[in-house]
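Take a look at the structure set out below.
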Amino acid sequence: MKDFTLNAYRQYLRAIKASYPNILCFSDFFSLDELPYSFILIRHDVDRKPGNALKMALLESEMGICSTYYFRTRKHVFKPGIISEIAGAGHEIGYHYESLSDAKGKHQVALKDFEQNLKKLRNIVPVRTIAMHGSPLSPYDNRDIWRDSLNHEYLKNILEISGEVYLDIDYSGIAYITDTGRNWYSGRANRRDMVNSAVTRDFKNGETLLDCFNKACYPKAVFQIHPERWADSITEYYIQSALDLFANIIKTIVR
């Protein structure tokens, strides 16, 4: 299996659908009074190439799967037509914010920026959950604006956000599986996209991960994907592979 292709993603989805009785969007997850014994949440961080996100969303929709797409509001990502089409295919849209890094650590400026961009996204679709963008080249962790209890209360009660996916979920018993760094090792070439979990979730390759999904190794899991990394052609595959390699080198230098 050639990993990080749309065909590979299709195989992962087939295994997930066969193994998990509950495939949840994050807004549904936050609304539950009691969690089911077994579930998986599929999350897409749309950092670049929103067209790739649309391809993945349509594939999931064909298979009867709901997932959550977190969109940045950069011009090259913020495409209202694509966002509307993904939502229309039955998926959740969330805000992939980077306000604190954009504001160079100034919290009040960051809060204003967050509100403006949230409104911009809500003019297209409902938004109830958010996920920080890691901004690996920035010294600022975007989550820090919500670590202040008053800001977090404002986020929940005034801005009506159900949850921030890093801060408002107890990951202690959840396997957090991410493609960050173009590999399936949770800490390799990964500066911020990590959670506190006691569940081992490192895989040497895609075949190992697929086998794990087929066997339902983890009753509770999050599968986090960056659509720009998943190619639909050989040319795109090798270009993106080279870009990911370069990005990993840079992240290693700035750590």
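The values are calculated or read from the model by the stated rules, or taken from the named source; none is laboratory data. Everything quoted here is computed from the prediction, not taken from an experiment. Neighbour counts run over all protein chains shown; Cβ positions are idealised from the backbone, glycine included. Surface accessibility is based on the protein's heavy atoms, side chains included, excluding ligands, DNA and RNA. Shrake-Rupley method; radii C 1.70, N 1.55, O 1.52, S 1.80 Å.
A few comments on the model shown:
- Per residue accessible area of the chain, 1.4 Å probe, in Å²: 45
- Fraction of accessible area attributable to carbon and sulfur, segment 1-117 (%, probe 1.4 Å): 50
- Amide H to amide H distances under 5 Å link GLY163 with ILE130, where only residues 5 or more positions off or on other chains count and H is placed in the peptide plane.
- Theoretical ellipticity at 222 nm over the chain - DSSP helices of four or more residues, -39500 (n - 2.57) apiece, nearest 500: -12000 deg cm²/dmol
- Per residue Cα convex hull volume in Å³ - calculated over the chain: 123
- Per-residue Karplus couplings for segment 135-148, computed as 6.51 cos²θ - 1.76 cosθ + 1.60 with θ equal to phi - 60°, are listed in order as 6, x, 8, 9, x, 9, 8, 4, 5, 4, 5, 9, 6, 5 Hz, Gly and Pro entered as x.
- Taking 7 Å steps out from each Cα toward its Cβ at ASP170 and ASP202 produces label points 2.7 nm apart.
- FRET efficiency, 1/(1 + (r/R0)^6) with R0 30 Å, evaluated for ARG74 and LEU150 via beta carbons: 0.55
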